[in-house]
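Let me begin by presenting the structure, written as structure tokens, before commenting on it.
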């Protein structure tokens with residue numbers, strides 16, 4: 001048996017922002033569950049007629065595992081993204097340089113401490129109509145051992161544990177809306193065990209399979225979390241007569257569509273003095289009049305208050 005371990009599916013930072021302003025309710029999960037070998041599931045399903053695509057930026061993961069550089073790292077990223085695409089037809093994966101993400105020079109912003117600057121990351125995401133930004137860490141592999149068997153005849157059992165950490169940021173708030181560490185435990189022999197614990201060069205054919213399995217599970221779990229979030233658009237320019245939205249045909253917008261407008265510009269300092277945007281109150285509605293590939297023009301409905309940076313969402317039925 002192998003084990004697949006998940007820890008903290010929702011980030012404490014996202015909860016900090018969300019719970020303070022009572023905009024959502026979430027639950028925590030922790031611990032390990034058995035994971036048996038099986039083929040990848042294809043959860044692809046048809047989008048609802050009025051569903052909009054969510055643009056997701058999957059940034060390169062920080063690699064703390066020298067043995068995963070090159071082929072294994074490429075295997076992880078490829079399988080991770082392929083799983084997200086097959087699991088969620090409502091997600092568009094983008095990267096800097098794409099048509100939908102035109103600035104190829106964009107990188108993940110970091111604070112002097114090396115921590116991700118979630119506030120600046122949120123501003124970048126809003127600029128390009130991105131709903132979520134995914135980052136993570138290939139944490140590496142570690143060996144462990146314990147005695148197993150009938151007392152008096154117990155033998156040393158050696159195994160290895162592969163760890164990969166995944167998190168995702170919500171661009172409306174700048175909060176981490178998803179965080180999970182994936183662990184995969186598998187048997188190794190004494191020689192492999194010694195190499196792992198000495199940080200030597202690992203040459204294990206089964207690592208390809210292990211990395212593919214973990215990346216597949218991680219992709220499915222991330223997709224589930226993103227699918228639970230509502231689609232959001234953002235106003236990049238506002239005049240008396242026109243509102244420019246940083247989303248267009250690529251996500252399913254059409255002329256005549258109407259959206260609720262929300263004040264998303266107010267800020268708050270959270271844990272560690274990190275800054276977040278506060279999801280605010282509804283301030284009116286807009287109606288799309290022209291829709292292009294990656295942007296749209298809209299007019300505000302009478303009485304609507306809207307400023308650059310405000311978010312738009314599909315109307316919620318009472």
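The values are calculated or read from the model by the stated rules, or taken from the named source; none is laboratory data. This structure is a prediction, so every number in the text was calculated from the model and none was measured. Note that each Cβ is placed from the backbone with ideal geometry, even for glycine, and that neighbours are counted across all protein chains shown.
Search the range 99-122 for residues being buried (at least 16 other Cβ atoms within 10 Å of the Cβ) and at pLDDT below 90, and hand back the single one that is nearest to residue 137 (Cα to Cα). Quick ask: steps written out before the conclusion?
If we filter the range 99-122 for residues that are buried (at least 16 other Cβ atoms within 10 Å of the Cβ), which is where we start, we get 100-101, 106, 108, 116-119, 121-122.
The next check asks that each one be at pLDDT below 90; those that pass are 100-101, 106.
Details: 100: 25, 101: 23, 106: 19 Å.
For the range 99-122, the residue satisfying everything is 106.
Quick one: would you say residue 218 is assigned to a strand (DSSP E or B), surrounded by 19 or more Cβ atoms within 10 Å (Cβ to Cβ) and touching a strand residue (DSSP E or B) at 6+ places or on another chain (Cβ under 7 Å)? So that I can check it myself, show each step before the final result.
Working: assigned to a strand (DSSP E or B): no; surrounded by 19 or more Cβ atoms within 10 Å (Cβ to Cβ): yes; touching a strand residue (DSSP E or B) at 6+ places or on another chain (Cβ under 7 Å): yes.
Judged against the criteria, residue 218 is not a match.
In the range 147-168, which residues are part of a strand (DSSP E or B), more than 14 Å from residue 192 (Cβ to Cβ) and modelled with pLDDT of 70 or more? Steps first, answer last, please.
Keep residues of the range 147-168 that are part of a strand (DSSP E or B), which gives 147-148, 155-168.
Keeping just the survivors that are more than 14 Å from residue 192 (Cβ to Cβ) gives 147-148, 155, 163-168.
148, 155, 163, 164, 165, 166, 167, 168 - these are the residues of the range 147-168 that are part of a strand (DSSP E or B), more than 14 Å from residue 192 (Cβ to Cβ) and modelled with pLDDT of 70 or more.
Quick check on my filter: what residues within the range 260-286 are part of a loop (DSSP other than H, G, I, E, B) and out of contact with any strand residue (DSSP E or B) (no Cβ under 8 Å at 6 or more places or on another chain)? Don't jump to the end; show me each part of the working.
Initially, the range 260-286 is screened for residues part of a loop (DSSP other than H, G, I, E, B), giving 263-266, 270, 274, 278-281.
Within the range 260-286, just 274 meets the criteria.
Of everything in the range 235-256, what is assigned to a loop (DSSP other than H, G, I, E, B) and farther than 18 Å from residue 303 by Cα? Give them in sequence order. So that I can check it myself, show each step before the final result.
Within the range 235-256, the first condition is being assigned to a loop (DSSP other than H, G, I, E, B), and the residues that meet it are 239-242, 246-248, 252-256.
The answer is 246, 247, 248, 252, 253, 254, 255, 256.
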